[in-house]
Amino acid sequence: MIRAITLLLVCQLAGEVLVRSLGVPFPGPVLGMVLLVGGLLVFKTSAPVLEETADTLLRNLSLLFVPAAVGVIQHGAVLKAHGAAIVLALLLSTIATLVVTALVFAAVSRRMAGRSGDEAIHGEDAG
Amino acid sequence: MERMPGESAVVIRLADIWVYLAAEPLLWLTVTLAAYCLADWISARLNRHPLANPVVIAAGLIIGLLVATDTGFATYFEGAQFVHFLLGPAIVALAVPLKRNLAKVRKSLVPIVAALVAGSATAVFSAVGIAWLLGAPADVLASLAPKSVTAPIAMGLAETLGGIPTLAAVMVVTTGILGAMIVTPLMNALRIRDYAARGFAVGVASHGIGAARAFQVNELAGTFAGIGMGLNGALTAFLVSVLAAVLV
C-alpha cells in the first residue's frame, strides 16, 4: 500500500513540476493521472496493490471534500450579502451543465452507433 | 468557595486535556473521519437517497461541533488538511479505473470530446453569467467560474482570476452536492439510460462529489464520471486562462 501511495505521489509531483517548468495553465494532478495511465500502458503492469489503493481512495471521494465543505463557516459575510445570487447561479448552472453534457453525449454516441451499424454500446437499446 | 478537592482536580485535568487537544491536529482529523463514517452509515441506512449526501451530513456534524466548542476554521483545518491533501492523489488514482475501462472509453471518444466541450463551457459561462446578472461582485464571479472542477484545481484557478480560493472551494463543494442530489431524478426525467452519458455528465458538472454519487449507482457510470472530472479539470483550466486573458 505504501508503494502504491508513493507511486501516486510521484506521479502528482512529476505532474506539478512539469506543469510549472513548462509554464502551462494545466492542473498538475491531472497531468499526473495522464502520466500514470501512460506508465501502466507502456509497462503493461497490473499491480493489484495499486488497484486496491486507488479503488479505496475513489470509493471514499466524498470524505476528501468534507474539510472544504466545513470551510463554508469562514464566508458568512460574503454569503449573507450574495448568498441568493450564488446559490441560484450554482443551481441553474449545475442543471444546465448536466442536461447539456448528457444530451450531447447521448446524441453523438447514438449518431455514431447508427452510422457504423454497431449494436448500441452502452445498452441504450434497453429502452 | 467550598469545593471538593477531587472535583476541582477533575476540572483542571479536563482543561489540560482540552489544551492539549486544541493544539494538536489529532482531534479534528479524528472528528473528520468519525463524522464521515457516521454520515456514510446514515446514507447507507437511507438506501443512498440522493438527498442524504454524506458530505452534507458530515460537514453539518463538524460545523455543529466547531460552533459548540468555539473553535475557529484555522484550528480545524490543521487537523483536516491531511484529508484535504488527498484530493490531489485521488485525481492521479483515477488512472486506475481509466486504464481498466480504456476499451469502452476509446469507443466513446467522440461523444466524450463533444460533451466535454459543450458541458465545460456551459458550466463556466452559465454560472458567471447568472451571478453577474444578479449583481455579484468581481471577486465572487472569479471564485464562481471554476466551480465545476475538483477543489485543488478550482482554488488555483480562482486565485489566477483574482477570486478567493477558500470561497471557490465552498462553491465547488456546493456544486458537487447539488449535482449529486439532482443527477438521478434529472436523468430519469430526460430518459437518459446510458450509464456512460449519465456518469460523464455528473463528472463534468460536479467533479468528485458527482463521481462519488456515480460510483454508488454503477461502476461504469463512476468510471465515466472520473474521466469527465479529470478532463473537465484540464479544459476548465484552459477556458479560465482564456477568460483571464480577456478580462484582466
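In this structure, is A:Ala96 surrounded by fewer than 20 Cβ atoms within 10 Å (Cβ to Cβ), within 22 Å of the chain's Cα centre (by Cα) and facing chain B (nearest Cβ under 9 Å)? Against the criterion (surrounded by fewer than 20 Cβ atoms within 10 Å (Cβ to Cβ), within 22 Å of the chain's Cα centre (by Cα) and facing chain B (nearest Cβ under 9 Å)), A:Ala96 qualifies. Scanning region B:123-163 for residues that are modelled with pLDDT of 90 or more, hydroxyl-bearing (Ser, Thr, Tyr), over 16 Å from A:Val78 (Cβ atoms) and buried (at least 22 other Cβ atoms within 10 Å of the Cβ) yields a total of 1. Of note, B:Ile63 satisfies the criterion of being among the β-branched types (Val, Ile, Thr), assigned by TED's automatic domain parsing to the domain that holds B:Trp18 and within 24 Å of the chain's Cα centre (by Cα). When B:Leu141 is tested against the conditions (1) under 15 Å from the mean Cα position of the chain (by Cα); (2) not in a loop (DSSP other than H, G, I, E, B), the lone failure is (1). State yes or no: is B:Lys104 surrounded by 19 or more Cβ atoms within 10 Å (Cβ to Cβ), touching a helix residue (DSSP H, G or I) at 6+ places or on another chain (Cβ under 9 Å) and either outside the structural domain of B:Gly233 (by TED's automatic domain parsing) or of a type in the set (D, E, K, R) (or both)? Against the criterion (surrounded by 19 or more Cβ atoms within 10 Å (Cβ to Cβ), touching a helix residue (DSSP H, G or I) at 6+ places or on another chain (Cβ under 9 Å) and either outside the structural domain of B:Gly233 (by TED's automatic domain parsing) or of a type in the set (D, E, K, R) (or both)), B:Lys104 does not qualify. Restricting region A:1-34 to residues that are β-branched (Val, Ile, Thr) and surrounded by fewer than 14 Cβ atoms within 10 Å (Cβ to Cβ), the residue that is farthest from B:Ala245 (Cα to Cα) is A:Ile2.
Filtering region B:61-71 to residues that are more than 9 Å from chain A (Cβ to nearest Cβ) and not hydroxyl-bearing (Ser, Thr, Tyr) leaves B:Leu61, B:Gly64, B:Leu65, B:Ala68, B:Asp70. Among the residues examined, B:Ile112 qualifies as closer than 16 Å to B:Gly199 by Cβ and β-branched (Val, Ile, Thr).
The helices (runs of 4 or more DSSP H) found wholly in region B:30-131 and carrying at least 3 residues that are within 17 Å of A:Leu57 (Cα to Cα) occupy B:73-85, B:87-93, B:95-100. The number of residues in region B:164-173 that are crowded, with 22+ Cβ neighbours inside 10 Å and at the interface with chain A (Cβ under 7 Å from one of its Cβ atoms) comes to 6.
For region B:144-158, a residue qualifies if it is assigned to a helix (DSSP H, G or I) and either acidic (Asp, Glu) or more than 9 Å from chain A (Cβ to nearest Cβ) (or both), and the qualifying residues are B:Ala154, B:Ala158.
The values are calculated or read from the model by the stated rules, or taken from the named source; none is laboratory data. Bear in mind that the values here come from a model prediction, so they are computed numbers and not experimental data. Cβ: placed from backbone, ideal geometry, glycine included. Neighbour counts: every protein chain shown.
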